[in-house]
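Novice: Can you read through this structure? Questions will come right after.
The values are calculated or read from the model by the stated rules, or taken from the named source; none is laboratory data. What you see is a predicted model, and the numbers here were worked out from it, not measured in a lab. Virtual Cβ from ideal backbone geometry, glycine too; neighbours counted across all protein chains shown.
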Amino acid sequence: MSRKREHESEKDNGERWLLTYSDLITLLMIFFVVLYSMSKVDAERFQAVAESLNKALGGGVPAKIEMAKSPEGPSLFQTGTPSSKTTVPGKGSDPNNTTQSASDANGVNKNLGQGNTDAESLSIEGIKAKLDKFAADNGIQSKLLSSIEERGLVVSIQETLLFESGSADIDTKAREILRNISTVLAASPNQIKVEGHTDNLPIHTVQFPSNWELSVIRSTNVVQIFQHEGISPNRLSATGYGEYRPIASNDTTVGQGKNRRIDLIILRSKYDVTEPNNHPLITEPLVPATIPLESK
């Protein structure tokens, strides 16, 4: 009797591997189900999230993130645009030429402002270096100052370099200085704000009733020169702050001289959303809404 029970116990122990096998098969099935569910990406939702992230982190014009499509479905993620130093043979390019520079003769990269903040920082630093060298070569480094801030490159030009006191006219020497500055700025796609500033000394003439008018006309005249020198007008804007944005104390003559200035702001591309340069055209005339009169 004991021998029969021992034989049945050995038989039960020999079939225990089936439990392990069935558990393993179940786990594998769950694993592949999870993989299959993860592979089904909502392409439209992913594109919307990618563009919003690029817009928030990279700049005003988001780098496009596309999902390469194949017969098996989405498989690759491509961020941004192809490198400016790479050409694809058979697409109208020389198959022997595998590198192509995207910089112009001045060495300023033209493919900026598209969310590539590293390249944009290098461009802003390059513009600053060129302008600093120009100021040093002409002995005006104390009157033409540049600094890199969060919003972009700020080029501060003191009043005495461009205008006579209480005047907005730009003479030949000042026009030549602005022409040289414009050759550096023209190669960059960034928005350019021209800001006029004065000290707190009041002015009251027929042409300039207050410092507001003086600062605005000065910045507008600088914008017109930049446009004449080839900078696209939809990149330019003129602003006058009068005496209300000082950078030094107006209690001293030196401080007043620093406050009388023109600031050129080369904005980072992320501020394109606040400085739009493309607007939908209104093709149909606006017709005022009419309210039907109730019949008596």
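Residue by residue, here is whether (1) outside any loop (DSSP other than H, G, I, E, B); (2) basic (K, R); (3) modelled with pLDDT of 50 or more holds:
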| residue | (1), (2), (3) |
| --- | --- |
| N106 | no, no, no |
| L112 | no, no, no |
| G115 | no, no, no |
| K128 | yes, yes, yes |
| S142 | no, no, yes |
| F163 | no, no, yes |
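Novice: While we're on this one: Looking at (1) hydrophobic (A, V, I, L, M, F, W, C); (2) more than 21 Å from the chain's Cα centre (by Cα); (3) not in a strand (DSSP E or B), find the lone condition where I262 falls short.
Specialist: The single condition I262 does not satisfy is (3).
Novice: Still on this structure, I have one more. Can you tell me which condition R175 does not meet? The list is (1) under 16 Å from L267 (Cα atoms); (2) in contact with a helix residue (DSSP H, G or I) (Cβ under 9 Å, 6 or more places away or on another chain); (3) surrounded by fewer than 19 Cβ atoms within 10 Å (Cβ to Cβ), and all the others hold.
Specialist: All conditions are met except number (1).
Novice: Here is a check on your reading of the model: is E213 buried (at least 21 other Cβ atoms within 10 Å of the Cβ), among the acidic types (D, E) and more than 29 Å from the chain's Cα centre (by Cα)?
Specialist: no
Novice: Another one. Please count how many residues of region 178-205 are assigned to a helix (DSSP H, G or I) and surrounded by 18 or more Cβ atoms within 10 Å (Cβ to Cβ).
Specialist: Of the residues in that region, 5 qualify.
Novice: State whether one or more residues within region 245-253 are under 27 Å from N200 (Cα atoms), in a helix (DSSP H, G or I) and not charged (D, E, K, R).
Specialist: yes
Novice: Okay, moving on. Sort through I231, I247 and tell me the only one that's loosely packed, with under 15 Cβ neighbours inside 10 Å, among the β-branched types (V, I, T) and more than 18 Å from E164 (Cα to Cα).
Specialist: Only one candidate passes the filter, namely I247.
Novice: Collect the residues in region 198-231 that are touching a helix residue (DSSP H, G or I) at 6+ places or on another chain (Cβ under 6 Å) and touching a residue at least 60 places away in the same chain (Cβ under 8 Å), keeping them in residue-number order.
Specialist: T198, D199 - these are the residues of region 198-231 that are touching a helix residue (DSSP H, G or I) at 6+ places or on another chain (Cβ under 6 Å) and touching a residue at least 60 places away in the same chain (Cβ under 8 Å).
Novice: Can I ask one more? Do we find that S156 is at pLDDT 95 or above, among the small types (G, A, S), buried (at least 16 other Cβ atoms within 10 Å of the Cβ) and assigned to a helix (DSSP H, G or I) in this structure?
Specialist: Judged against the criteria, S156 is not a match.
Novice: Right, A248: closer than 14 Å to E159 by Cβ, hydrophobic (A, V, I, L, M, F, W, C), free of Cβ contacts under 8 Å to residues at least 40 places away in the same chain and touching a Gly at 6+ places or on another chain (Cβ under 8 Å) or not?
Specialist: Yes.
Novice: On to the next question. Out of E195, E176, report the one residue that is at pLDDT 95 or above and touching a strand residue (DSSP E or B) at 6+ places or on another chain (Cβ under 8 Å).
Specialist: E195
Novice: For region 179-197, give me the residue count where each residue is free of Cβ contacts under 8 Å to residues at least 60 places away in the same chain and among the aliphatic types (A, V, I, L, M).
Specialist: Selection size over region 179-197: 1.
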